[in-house]
1. What single numbered condition from (1) at pLDDT below 95; (2) outside any loop (DSSP other than H, G, I, E, B) fails to hold for Gly199?
2. Across the stretch 331-353, what is the total count of residues that are under 14 Å from Met21 (Cα atoms) and touching a Phe, Trp or Tyr at 6+ places or on another chain (Cβ under 9 Å)?
3. Please work out which residue is farthest from Asn216 (Cα to Cα), limiting yourself to the stretch 368-379 and to residues that are touching a strand residue (DSSP E or B) at 6+ places or on another chain (Cβ under 6 Å) and open to solvent by 30 Å² or more (accessible area, probe 1.4 Å).
4. From the residues in the stretch 329-367 that are among the small types (Gly, Ala, Ser) and over 11 Å from Val313 (Cα atoms), which one is most open to solvent (accessible area, probe 1.4 Å)?
5. Only one of (1) touching a residue at least 40 places away in the same chain (Cβ under 8 Å); (2) open to solvent by 30 Å² or more (accessible area, probe 1.4 Å) is not met by His274, so which one is it?
6. Among the listed residues Glu85, Glu75, which satisfies the condition of being surrounded by fewer than 22 Cβ atoms within 10 Å (Cβ to Cβ) and out of contact with any Phe, Trp or Tyr (no Cβ under 9 Å at 6 or more places or on another chain)?
7. In the list Ser232, Ser198, which residue meets the criterion of being more than 28 Å from Ile162 (Cβ to Cβ) and among the hydroxyl-bearing types (Ser, Thr, Tyr)?
8. Taking the stretch 218-248 as the region of interest, how many residues are within 26 Å of Lys307 (Cβ to Cβ), open to solvent by 20 Å² or more (accessible area, probe 1.4 Å), in a helix (DSSP H, G or I) and not hydroxyl-bearing (Ser, Thr, Tyr)?
Amino acid sequence: MSFFSTDFTLGILGGGQLGKMLLSQTLKWDIRTLVLDPSAEAPARLGCNAFFQGDLMDYDTVYRFGKQVDLLTFEIENVNVDALERLESEGVRVFPTPKSLRIIQDKGLQKVFYREHGIPTAPFELFPSVALLQEAVKEGRWSFPFVWKSTRFGYDGNGVKIVRQKQDLDTLPNTPCLAEVCAPIEKELAVIVARRPSGEVALYPVVEMEFHPEANQVEYVLCPARIPLSVSEKAQQIALQVAEAFGSIGLLAVELFLTQEGEIWVNEVAPRPHNSGHYSIEASYTSQFEQHLRAILDLPLGSPKSKVAGVMVNLVGAEGYAGDVIYEHIEEVLALEGVTPHIYGKRQTRPFRKMGHITITHPDIETARAIAQKVKETIAVVSKQ
């Protein structure tokens, strides 16, 4: 099938910043796109051929949207899988597959999947409710501290909490969840794996992620990760094992823990372009967004190698501010060499909302990290008073 400058239509479920950045590649290649998103102000609305507003979890909305396209992909996991499965059965290609998405949507099913496939992950136990988790703590089966995760609808640090004392349990929603052993973490890593239907695979270099201690959001992503080559090779091997177990098509971002004992545990995955791969727009031969498009269209994959070291800084809303956004001191950041801002197009800020990111490229990773620190300390995402 021909994709370029034709009537071929790609549908994207979700019109956030990931969709917007994916559309930068479809525009380069003149691929016709439709986007569905709940928000009338979705960042991707201006870059597609047609935009539709609607609920991604509504069966009929997703099904009707999908019937208009030749191939369907998504930039967010919270979509109606039943509708995707029907569309797939009726001949619409859906990548990543609904089968893998159904597992990934539920953190409990994810963890069981890893255990069944011999994939290393932190020890865990599933609970239908927090009430039953509280009973397990009373019986001594779980002791503080441990990690609580809601099995459904968590994102950007939401739905995850370190439980350090009984009072922390009392603040949790009484929903299906899991308890997980607190990993003795040395570093948090990620590997993006690209797979196309014909079988070709490409692995991006291992990246290192630094998290905000309160919001549990990524603050910095560094590529390459500052780890020994043997650890890097092991991380890529495990990420490939995960992608092959899922039979993933497109991108699969595999988040990993490197423990203080040198073990590598899989934390969770995302079947789409991912925050850990934003650096690739400037620093890689093939950006993660171009790679995702190549993979789902079953085109030859591009080189995932880096041209230069890269560090990404997330731009999130400052605490204490909500309303019309202002990027204070962005002019000072723009004056720095090797610094590229990406503003997502969200007009309203609130504490810790992802508003953009900035990539710093430099031949030396430590220098890039130092510049990233300066960027983080300079720019402020605030609102009008």
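The values are calculated or read from the model by the stated rules, or taken from the named source; none is laboratory data. Just so you know, these numbers come straight off a predicted model, no measurement behind them. A quick note on method: Cβ atoms are made from the backbone with ideal geometry, for glycine too, and the neighbour counts reach across all protein chains shown. In case anyone asks, the SASA skips ligands and DNA or RNA and just uses the protein heavy atoms, side chains included. Shrake-Rupley method; radii C 1.70, N 1.55, O 1.52, S 1.80 Å.
1. Exception for Gly199: condition (2).
2. Final tally of qualifying residues: 2.
3. Ranking the candidates gives Ile371 first.
4. Ranking the candidates gives Ala335 first.
5. Status for His274: all satisfied but (2).
6. The conditions single out Glu85.
7. After ruling out the rest, the residue left standing is Ser198.
8. 7
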